[in-house]
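Below is one structure, written out as C-alpha cells; comments come after it.
The values are calculated or read from the model by the stated rules, or taken from the named source; none is laboratory data. All of these numbers come straight from a predicted model, not from anything done at the bench. Cβ placement follows ideal geometry from the backbone for every residue including glycine, while neighbour counts extend to all protein chains displayed.
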Amino acid sequence: MTNKRQEGFSLIELLIVVAIIGIIAAIAIPNLLASKRAANEGSAQATMRTLTGAEATYQATTGAGNFANLTELANASLVDTVLAAGQKSGYHFVITETDAASGTPATYVSTAAAVKATGVTATGTRNFLSSEAGVIYFSPATADDTPMTTASTSSPIGQ
C-alpha cells in the first residue's frame, strides 16, 4: 500500500487569499490617490512661494523694476527648466506680468491650475493664485486646467 502525499493549497484557500488581497486593495488605493493629490497640492503651494521669491529677485536685479514670465525667470536661472515648461506635479503654472508704465507700478499674477480637477485621477482639488503682494490664494478646482482669475472670490491659504 502506497501513501500518496498531496501537497499545496486547495482552491478554497487560494480564493480566500485572493479575496483578502482584493479587500486590502479596495481600502488602500483610494487612500493612495488622496495622498498623491495632497502631495501635488503641497508641491503647487511650495512652487507658488518659489515664484514669489523669484519674481522679487528678478524685479530687484535683472528686471529693472519689472516682473518676468516663466521663460524669463528660467533664463535668469531663478527657476528650473521643469517649472519653466509650465507644468509640474499635476499643475499647470502661468505668470502674467504687466510692465511699469508712467504712473503705474509693475504687477504680476501667477496661477497654478490642476491639470485634472475631477474624478478618480484628479491631480488636485484646489487652484492657486499669487501676486506681487506675496499672498497665495486658493479656490476649489471645478474644471480641468482652468486657472483662477481673481483673488477676490478666494481665500488665503492657511486660513
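So here's what we get for this one:
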read-out	value
Single condition Ala113 does not satisfy, out of (1) surrounded by fewer than 14 Cβ atoms within 10 Å (Cβ to Cβ); (2) within 21 Å of Ser89 (Cα to Cα)	(1)
All positions within region 81-109 that are assigned to a strand (DSSP E or B) and among the β-branched types (Val, Ile, Thr)	Val94, Ile95, Thr96, Thr98, Thr104, Thr107, Val109
Those residues of region 2-37 which are in a loop (DSSP other than H, G, I, E, B) and small (Gly, Ala, Ser), in sequence order	Gly8, Ser10
Selection within region 145-159 - surrounded by 12 or more Cβ atoms within 10 Å (Cβ to Cβ) and either closer than 17 Å to Lys36 by Cα or small (Gly, Ala, Ser) (or both)	Ala151, Ser154
Failed item in (1) closer than 21 Å to Ile157 by Cβ; (2) free of Cβ contacts under 8 Å to residues at least 60 places away in the same chain; (3) surrounded by 13 or more Cβ atoms within 10 Å (Cβ to Cβ), with Glu55 passing the rest	(2)
All positions within region 92-104 that are exposed (fewer than 13 other Cβ atoms within 10 Å of the Cβ) and either of a type in the set (A, V, I, L, M) or at pLDDT 90 or above (or both)	Ala101
Region 116-135, residues that are among the small types (Gly, Ala, Ser) and crowded, with 22+ Cβ neighbours inside 10 Å	Gly124, Ser130
Members of region 4-40 found to be in contact (Cβ under 8 Å) with a residue 40 or more places away in the chain and either in contact with a Phe, Trp or Tyr (Cβ under 8 Å, 6 or more places away or on another chain) or surrounded by fewer than 10 Cβ atoms within 10 Å (Cβ to Cβ) (or both), listed by number	Asn40
Selection within region 110-155 - in a strand (DSSP E or B), within 11 Å of Met48 (Cβ to Cβ) and not aromatic (Phe, Trp, Tyr)	Ser110, Thr111, Ala112, Asn127, Leu129, Ser130, Ser131, Ile136
Region 62-80, residues that are part of a loop (DSSP other than H, G, I, E, B), surrounded by 12 or more Cβ atoms within 10 Å (Cβ to Cβ) and not hydrophobic (A, V, I, L, M, F, W, C)	Thr62, Gly63, Asn66, Asn69, Asp80
